[in-house]
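The values are calculated or read from the model by the stated rules, or taken from the named source; none is laboratory data. The structure presented is a predicted model; accordingly, all values stated were derived computationally and were not measured. Don't worry about glycine lacking a Cβ; one is built from the backbone with ideal geometry, like all the others, and counts go over all protein chains shown. To get the accessible areas, we keep the full protein, side chains included, count just its heavy atoms, and leave off ligands, DNA and RNA. Shrake-Rupley method; radii C 1.70, N 1.55, O 1.52, S 1.80 Å.
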Amino acid sequence: MANIAVIGMQWGDEGKGKITDLLAASFDMVARYQGGHNAGHTVHVDDRKLILHLIPSGILHPGVLCLIGCGVVVSPDAMLREMAELRGLEVKIGDNLAVSRKAHLILPYHTGLETAGEESLGDRKIGTTSRGIGPAYRDKTGRTGVRMGDLRHPGLLEEKIRHNVEQTNSILGLTGKTRFDTGKILADCLSFAERIDGHIRDVSLLIDRKLREGASILFEGAQGTLLDVDHGTYPYVTSSSAVAGGIGPGLGVGPDKIDGVLGIIKAYTTRVGEGPFPTELHDEGGAYLREHGGEYGATTGRPRRCGWFDAVAGAYACRVNGVRRIVLTKADVLDGLEEIKVCTGYRWKGERLDGFPAESWILEDVEPEYVTLPGWKKPVRGARDESDLPAEFRDYCRFLEDRIGAQVAVVSTGVDRREIVLIEAALEGLLDVERLRARIFG
Ligand code: IMP
């Protein structure tokens with residue numbers, strides 16, 4: 001069984017939750033390698049809707065070992081809340097959940113620093129999820145971060161927290177009752193440590209041992225390529241390596257362990273927060289996609305900005321991730337449209353650009369070139385296999401494949417886990433399609 005990565009190819013919210021949930025039971029391990037509880041993976045199980053922010057969605061499947069790698073930043077509050085919520089749904093959490101001793105903690109002063117930072121940027125604010133993600137990564141690279149393993153050393157833990165709290169109080173000019181309090185943060189960390197201790201592991205070693213025993217692993221990306229700290233629309237990005245290349249440092253595994261990368265991409269585009277978005281629709285077209293696609297943030301509830309499929313960004317995401325096969329999600333949202341547009345190029349100051357620009361201020365200013373394709377006459381929703389898909393939709397897929405340079409291997413045709421079409425020929429060598437089909441459809 002191949003080890004595969006599930007990676008978002010746009011600005012997050014591509015529907016990775018559904019796909020990882022579908023695939024998880026076919027793997028022995030599911031691992032998160034970056035981000036934190038800024039992610040929101042919506043999973044539908046029967047008529048229950050569950051939003052997981054930090055814990056891999058594999059946790060819903062008995063026997064799957066779920067791993068949180070050192071590239072993830074962990075909020076103790078979020079972790080305990082999610083564990084409690086899952087236990088409330090009678091999901092077992094024991095030795096099926098491990099978190100890296102090298103993973104950094106998000107502590108209350110990170111959220112304080114983030115709020116102040118966003119305020120100071122004024123019109124240039126990032127529009128973050130306000131989860132303390134950026135400041136936690138800043139402490140990590142600044143070498144002052146608190147790691148999961150530190151929870152086992154109260155003396156060192158206190159020293160680190162005291163230093164960071166004093167720095168933060170001084171930077172933010174906090175005095176009196178508004179000051180962050182070392183004692184309170186330390187006490188909360190120690191209480192967290194007691195409850196979490198059994199889950200703190202050497203995740204890299206654990207993965208290595210399991211792989212040697214013949215186990216398989218699914219790497220679960222969060223956010224998306226265009227939010228990657230290096231390859232995204234900087235500075236309007238998150239603070240981690242969301243691309244497939246982040247898997248190595250984020251888990252402590254070598255690149256030879258990744259057999260394939262499945263890119264998850266919506267049949268149109270959305271974004272939350274600030275930053276450039278060339279194909280954004282500011283008219284009723286955008287509102288149509290938002291309402292029909294239920295495009296409201298899973299983490300913050302913010303309405304998502306919506307627009308047409310951007311094949312320039314799609315081709316770029318294929319390149320930086322090594323994606324050759326994609327899962328096209330939310331195809332059903334385009335059902336009923338007379339015409340569908342796809343952006344195939346950008347013009348800037350009258351010139352055609354060669355690909356996806358590195359500078360956000362250029363991207364902000366580009367003029368997208370569109371090709372208009374006919375809508376499909378019968379709905380994609382309800383299709384059970386490839387032959388049920390409308391001819392115009394298949395043409396749409398061929399067009400996208402040609403422009404981005406990857407094959408459509410799976411089409412998601414609705415919210416329910418059974419609303420999915422597997423394209424066998426495209427999945428060959430990557431997934432055991434028969435086994436997957438049996439798991440999904442019984
Ligand atoms: P942060 O990750 O909270 O620092 O936010 C930075 C940017 O990434 C903001 O534009 C957020 O809206 C966006 N972002 C972070 N996580 C997600 C996600 O899971 N889906 C979509 N956008 C996200």
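Points to keep in mind about this one:
- Residue within the stretch 403-415 that is open to solvent by 30 Å² or more (accessible area, probe 1.4 Å) and under 18 Å from residue 20 (Cβ atoms) present: yes
- Qualifying residue in the stretch 399-419 (condition: closer than 18 Å to residue 262 by Cα, basic (Lys, Arg) and touching a residue at least 60 places away in the same chain (Cβ under 8 Å)): yes
- Residue in the stretch 75-86 that is under 21 Å from residue 187 (Cβ atoms) and among the acidic types (Asp, Glu) present: yes
- Looking only at residues in the stretch 242-271 that are part of a loop (DSSP other than H, G, I, E, B) and surrounded by 24 or more Cβ atoms within 10 Å (Cβ to Cβ), the one that is farthest from the ligand (Cβ to nearest atom) is 267.
- Residue match in the stretch 232-252 (condition: in contact with a Gly (Cβ under 8 Å, 6 or more places away or on another chain) and farther than 30 Å from residue 275 by Cβ): yes
- In the stretch 266-313, the residues that are under 18 Å from residue 42 (Cβ atoms) and touching a Leu at 6+ places or on another chain (Cβ under 6 Å): 267, 268, 306
- Flag for residue 219 being aromatic (Phe, Trp, Tyr), outside the structural domain of residue 298 (by TED's automatic domain parsing), in contact (Cβ under 8 Å) with a residue 12 or more places away in the chain and open to solvent by 20 Å² or more (accessible area, probe 1.4 Å): no
- Of the residues examined, residue 110 is one that is outside any loop (DSSP other than H, G, I, E, B) and buried (at least 18 other Cβ atoms within 10 Å of the Cβ).
- The selection criterion, being within 16 Å of the ligand (Cβ to nearest atom), at pLDDT 95 or above and touching a helix residue (DSSP H, G or I) at 6+ places or on another chain (Cβ under 9 Å), does not hold for residue 43.
- Just one of (1) open to solvent by less than 10 Å² (accessible area, probe 1.4 Å); (2) within 15 Å of the ligand (Cβ to nearest atom); (3) assigned by TED's automatic domain parsing to the domain that holds residue 68 fails for residue 276. It is (3).
- Residue 36 away from the ligand (no atom under 16 Å from the Cβ), at pLDDT 95 or above and within 25 Å of residue 3 (Cβ to Cβ): no
- Per-region count, the stretch 185-237, residues in a helix (DSSP H, G or I) and within 16 Å of the ligand (Cβ to nearest atom): 3
- Out of 245, 252, 285, sole residue that is without any contact (Cβ under 8 Å) to a residue 40 or more places away in the chain and either of a type outside the set (Asp, Glu) or over 13 Å from residue 305 (Cβ atoms) (or both): 285
- Of all the residues in the stretch 118-138, those that are near the ligand (Cβ under 10 Å from one of its atoms), surrounded by fewer than 19 Cβ atoms within 10 Å (Cβ to Cβ) and within 19 Å of residue 234 (Cβ to Cβ) number 4.
- Options 242, 215, 222; residue that is among the small types (Gly, Ala, Ser), touching a Ser or Thr at 6+ places or on another chain (Cβ under 7 Å) and modelled with pLDDT of 95 or more: 242
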